[in-house]
1. Considering only residues that are of a type outside the set (A, V, I, L, M) and surrounded by fewer than 17 Cβ atoms within 10 Å (Cβ to Cβ), look in region 17-32 and name the one that is modelled with the lowest pLDDT.
2. For region 1-107, give me every one of the strands (runs of 3 or more DSSP E) that falls completely inside it and has 2 or more residues that are of a type in the set (F, W, Y).
Amino acid sequence: MPFVRFTQSGRISTPRVSLSRIGMLTFNHASRIKYKLQDYNHVVLYYDDERRRIGIELTNNTGADGATRLRVRSTGADVSAKSFMSFFAIQLNATTSYPLCRDEETGYLVFDLEEGRERGTSTKAKAQV
């Protein structure tokens with residue numbers, strides 16, 4: 001078998017999402033690739049208060065209740081979640097990164113607010129709700 005060149009130097013290969021304290025939800029490059037974010041233009045956000053998880057429904061339905069524009073870039077994607085965080089009183093001390101996965105039951109992309117790490121540190125973050 002011939003050698004295969006690795007060309008993703010400097011990029012994290014694990015799907016992750018970051019949530020800033022001012023409400024920007026940012027998907028990394030691996031998330032954009034794995035979940036084909038370039039195929040969608042909007043998201044609908046959900047919050048599970050009991051399990052402290054955020055769900056993200058990918059959609060192209062611009063008229064869906066709660067639909068927010070998804071901005072896809074070559075390095076990832078982002079969406080404004082400021083009003084979502086305000087509505088559910090989610091407060092962060094710093095931008096926090098979370099592992100991202102697909103929920104088999106709902107099909108949503110999900111992350112757990114208890115599993116975050118503050119950017120630039122190894123400190124486990126605790127979102128206040």
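The values are calculated or read from the model by the stated rules, or taken from the named source; none is laboratory data. Here the structure is a predicted model, which is why all the values come from computation and not from measurement. A quick note on method: Cβ atoms are made from the backbone with ideal geometry, for glycine too, and the neighbour counts reach across all protein chains shown.
1. Out of the qualifying residues, it is R21.
2. 42-48
For (1) touching a residue at least 24 places away in the same chain (Cβ under 8 Å); (2) buried (at least 16 other Cβ atoms within 10 Å of the Cβ); (3) of a type in the set (K, R); (4) within 18 Å of Y98 (Cα to Cα), each residue gets a yes or a no:
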residue	(1), (2), (3), (4)
K34	no, yes, yes, yes
L37	yes, yes, no, yes
N41	yes, yes, no, no
Y47	yes, yes, no, yes
R53	yes, yes, yes, yes
I56	yes, yes, no, yes
N60	no, no, no, no
D65	no, no, no, no
L70	yes, yes, no, no
